[in-house]
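For reference, the structure discussed in these notes is given below.
The values are calculated or read from the model by the stated rules, or taken from the named source; none is laboratory data. From a predicted model like this one, the values you see are computed outputs, not experimental measurements. Neighbour counts run over all protein chains shown; Cβ positions are idealised from the backbone, glycine included.
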DNA sequence: CAGTGAGCGAGCTTCCGCTTGACTT
């Protein structure tokens, strides 16, 4: 039996550390937190100074029992969870559960997984920092109180099963506010003018020089007048300015910057990025992937330096240490970097290779020289106008870090003046080749992607590296938000061109409103957000987290008592919850669209029991209202009365087949055909429910019937409720609406009724 | 799975932050 038991948070970390420590040390992992607040009565005794009631999480019972046993058998237990608020609390919970008095606990911390760092940590144990633990308890209790008091208000006032919380509700608010900015954006066209000049070099070769006018015109008339004057104008170089520009590399990856870059460069969702990174981490290929630190260990900087010298030479080397700038960072780990910098690539699945290379390049680049550019600006005077034409160009003098890595931006229509400027002298007259004026529309702020929302949350200090991906998925599973593509429309732009003394008009088409994998708030998201901002504005305030974080820091410094801080927050908050429960009315987001043009009945849209819907007419003794669900992409806030009325064209009857009526409608899962009480989905992008005809419907019905036949591997006359079917995950047994697995070694076609029943019985016994 | 659109109303839902697998119909 080992003399020493070391407990860390992550099993992969345990494996690595065990190698450094040798035989006398057994290194185990707690798999994160082992206890949490009970669910009953908040798990908090509000009357008794908010005393938390912790229980061992069900999925941790096994590991806790194992750790308990090992702790008893060991002479010493080293608590080596991360050095931050949560890590300190994990150690404290472990000490409590394993029966170690906190003052006797051997708490050790290290920020990098190297032999030196760990041996040093072992030599410097300390007691558990109770103040830091209390800061964590305050954080935990506050989040529970907010979440478990606000959510039930929503169940009562909006819809059951909804949720609210310090983090998710702000995330939704950001999306709702951005959506409104986009929808209310007033786009205005202006004319942008670009002139092309021909410049002869010393060798007689002609190069083009493009210059943009420093003014944009609002009307066609103004633009025409400008071009008219250019017909007779002379163009002279007024000034040439060149200045050197340095570009520095970005710091190494944190969780949030990795999610952003993987999204921009490869289109990965944030959870996809985290799953791939987890694989790389478990395989020992990268350091820990949930971090807010940009710090690199000395060892890492050393090996990075070596790799740069070997691949690119001394000219490209410039080592540096970066400082974290994000709010509330706790820096328990290093930045995300390759474990071994000498491996510029790895073997494995394509996505893992891609992400690894991205991390490798980013890390390498962070220790490379700045890129040197020369930026040139040329001002060109127009003899008969006061406006100036400006040409800008950039020349790369030394690539530096850009040789391996360039960061992408969220701005898709980024236009960089990176053209080469021919040598020019002040006072030089230029030969105008043509001038083009093109309409350009101002565009609304961009909608958030998953990754850009994470970026924003991090800027506001809301959420942690371990919760960014789960938060993004929570707001989607609650259906506050959908991730979607939008087709967009074509818009026609007006253009004017001056060439050879003549002005001609032309048009150009441009795609607008096109969106790819963007987050859109739903009606539920909007209604919940408006309700929360109206009644609990302080909780969904963008600075709420930042201000409570300041108080948590005070608690951690021993300058504030944690439950007193909670009390100051809870008292007014709870009163507000009570007041809202009692006085506010139900919130359905109802919006009146006016009256039906033919029948005069009122048309309204609101959230009903089954989601957003339109209603024509009101319920009373003689009239019954009609209902229709809103289509995908339609919002209560923006739908027009015409669009709403159109929804009532469905379901429509399209004829008879096999002596039964065939109808077409749109349901919760999209457009469908209904025939003899069976449903058949319409093909996405192929069939339109408004135009689909009987012939096409018959084809769909027959296709579905054949597909269903193929699905059946075996049926039994004696037991019609039992079937062997082919499903998404392979063959399975279906019995009384329940499904059962078939062992992979068994050929499903050979199963007898008895075999199936045996498999069902076996599966039931396992549970 | 998809149709519906009220108030007889059981019992349930829910937070954030640490960690990984389990395992889908």
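Applying the criterion of being assigned to a loop (DSSP other than H, G, I, E, B) and within 10 Å of DNA strand B (Cβ to nearest atom) to the residues of the range A:619-631, the residue that is nearest to the chain's Cα centre (by Cα) is A:630.
Exactly one residue out of A:437, A:469 is more than 16 Å from DNA strand B (Cβ to nearest atom), in contact (Cβ under 8 Å) with a residue 60 or more places away in the chain and surrounded by 15 or more Cβ atoms within 10 Å (Cβ to Cβ): that is A:437. All of (1) crowded, with 16+ Cβ neighbours inside 10 Å; (2) away from DNA strand B (no atom under 12 Å from the Cβ); (3) more than 27 Å from residue A:697 (Cβ to Cβ) hold for residue A:645 with one exception: (3). The residues of the range A:449-463 that are in a loop (DSSP other than H, G, I, E, B) and surrounded by fewer than 22 Cβ atoms within 10 Å (Cβ to Cβ), listed by number, are A:460, A:461.
For the range A:26-41, residues that are at pLDDT 95 or above and either more than 10 Å from DNA strand B (Cβ to nearest atom) or farther than 21 Å from residue A:100 by Cβ (or both) total 5. Being in the same structural domain as residue A:613 (by TED's automatic domain parsing) and touching a strand residue (DSSP E or B) at 6+ places or on another chain (Cβ under 9 Å) is true for just one of A:654, A:639, A:673. Which residue is that? The conditions single out A:639.
Residue count for the range A:632-655 satisfying the condition of being out of contact with any helix residue (DSSP H, G or I) (no Cβ under 8 Å at 6 or more places or on another chain) and not in a helix (DSSP H, G or I): 8.
Within the range A:260-294, the set of residues being assigned to a loop (DSSP other than H, G, I, E, B) and closer than 20 Å to residue A:329 by Cα comprises A:287, A:288, A:289, A:290, A:291, A:292, A:293, A:294. For the range A:741-750, the condition holds for no residue, the condition being that it is modelled with pLDDT of 80 or more, more than 28 Å from residue A:611 (Cα to Cα) and assigned to a loop (DSSP other than H, G, I, E, B). Within the set A:83, A:73, A:96, A:88, the sole residue that is within 16 Å of DNA strand B (Cβ to nearest atom) and surrounded by fewer than 18 Cβ atoms within 10 Å (Cβ to Cβ) turns out to be A:96. Of the residues in the range A:418-434, not one is in contact with a strand residue (DSSP E or B) (Cβ under 9 Å, 6 or more places away or on another chain) and within 16 Å of DNA strand B (Cβ to nearest atom). Under the condition of being closer than 14 Å to residue A:246 by Cα and surrounded by fewer than 19 Cβ atoms within 10 Å (Cβ to Cβ), the residues counted in the range A:377-401 number 6. In this structure, does residue A:527 turn out to be closer than 20 Å to residue A:179 by Cα, more than 13 Å from the chain's Cα centre (by Cα) and either assigned by TED's automatic domain parsing to the domain that holds residue A:631 or within 13 Å of DNA strand B (Cβ to nearest atom) (or both)? In short, yes.
Condition check ((1) over 30 Å from residue A:601 (Cα atoms); (2) more than 10 Å from DNA strand B (Cβ to nearest atom); (3) free of Cβ contacts under 8 Å to residues at least 24 places away in the same chain) across all residues:
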| position | (1), (2), (3) |
| --- | --- |
| A:649 | no, yes, no |
| A:653 | no, yes, yes |
| A:657 | yes, yes, no |
| A:664 | no, yes, no |
| A:673 | no, no, no |
| A:681 | yes, no, yes |
| A:689 | no, yes, no |
| A:692 | no, yes, no |
| A:697 | yes, yes, no |
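Tell me, yes or no, whether the range A:689-697 has at least one residue that is more than 36 Å from the chain's Cα centre (by Cα), surrounded by fewer than 17 Cβ atoms within 10 Å (Cβ to Cβ) and under 30 Å from residue A:520 (Cα atoms). Taking every residue of the range A:689-697 in turn, at least one turns out to be more than 36 Å from the chain's Cα centre (by Cα), surrounded by fewer than 17 Cβ atoms within 10 Å (Cβ to Cβ) and under 30 Å from residue A:520 (Cα atoms). Scan the range A:477-500 for residues that are touching a helix residue (DSSP H, G or I) at 6+ places or on another chain (Cβ under 9 Å) and more than 16 Å from residue A:194 (Cα to Cα) and jot them down. Selection gives A:478, A:479, A:480, A:481, A:482, A:483.
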